[in-house]
Amino acid sequence: MIVWGTFSARQRHHHGATRRRRRGFTLIEAALTTAITGIAFVAIMELFSACTQQNRIGANMTTAMLLAGHVQETMAGLQFNDPVLGKATFGPEVGQTLSSYDDIDDFDGQNLNPPIDALRRRIPELSQFTQNVIVMPIYPTQLSSNSDPAAPAIPKTAYTGAARVTVRILYRVKTTDAPVEIYRTSWIRVDQ
């Protein structure tokens, strides 16, 4: 026969102890929860840091491509040889400045810092970037000729009828840092 609501002292103690055990976590469970939460938090912070760094690298790469494009646009309308002196000189002629460059070889060896836009205006807010321009004569039938500016196989003063223009974009975080190349592009110009 079952009597409802009647428990012995032992049953009441056992029933109350079970109820108390189910009310909270043990110290080990709390410690494990804290450790798992801490590890997850550290992993999320590392992921956040890595994403921030990748965003910065992506933004710098986009800016570098834009700055290289500015040099290419600036040089697109220029003649292959100097309009006055013709093939006689390579590099800027005496007295020429950035605003008066009138042929592509005038830009050879230029380190433009702050960089310039397509209209040759300086961009001081991007002074951590430098546009380095190299113009090398090449043979029109051998586009890969004269590919090492440090040891040119064709002297810069030789007229070949074609030139490779290389623009390197250098970047430095602080003004005291050494600039590091982050982007490079080149194109061929042929005398017409």
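The values are calculated or read from the model by the stated rules, or taken from the named source; none is laboratory data. Fair warning: this is a prediction, and the values are worked out from it, not measured in the lab. All Cβ positions, even for glycine, are placed from backbone atoms using ideal geometry, and neighbour counts span all protein chains on display.
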Check: What is the number of the single condition among (1) assigned to a strand (DSSP E or B); (2) modelled with pLDDT under 95; (3) closer than 29 Å to I57 by Cβ that T185 does not meet?
Finding: (2)
Item checked: Of all residues making up region 92-109, the number that are surrounded by fewer than 17 Cβ atoms within 10 Å (Cβ to Cβ) and closer than 19 Å to S186 by Cα -> 1
Notebook entry, point to check: If we scan region 95-118, do we find a residue that is part of a loop (DSSP other than H, G, I, E, B), without any contact (Cβ under 8 Å) to a residue 24 or more places away in the chain and of a type in the set (F, W, Y)?
Noted result: yes
Check: Looking at (1) surrounded by fewer than 14 Cβ atoms within 10 Å (Cβ to Cβ); (2) within 27 Å of the chain's Cα centre (by Cα); (3) in contact (Cβ under 8 Å) with a residue 40 or more places away in the chain, which is the one condition that is false for D148?
Finding: (3)
Next item on the list: Please determine, by comparing only the residues of region 110-124 that are of a type outside the set (V, I, T), touching a strand residue (DSSP E or B) at 6+ places or on another chain (Cβ under 7 Å) and surrounded by 15 or more Cβ atoms within 10 Å (Cβ to Cβ), which one is nearest to A158 (Cα to Cα).
Entry: Q110
Note to self: Let me spell it out: the conditions are (1) loosely packed, with under 13 Cβ neighbours inside 10 Å; (2) free of Cβ contacts under 8 Å to residues at least 60 places away in the same chain, and V190 meets all of them except one. Which number is the exception?
What the structure shows: (2)
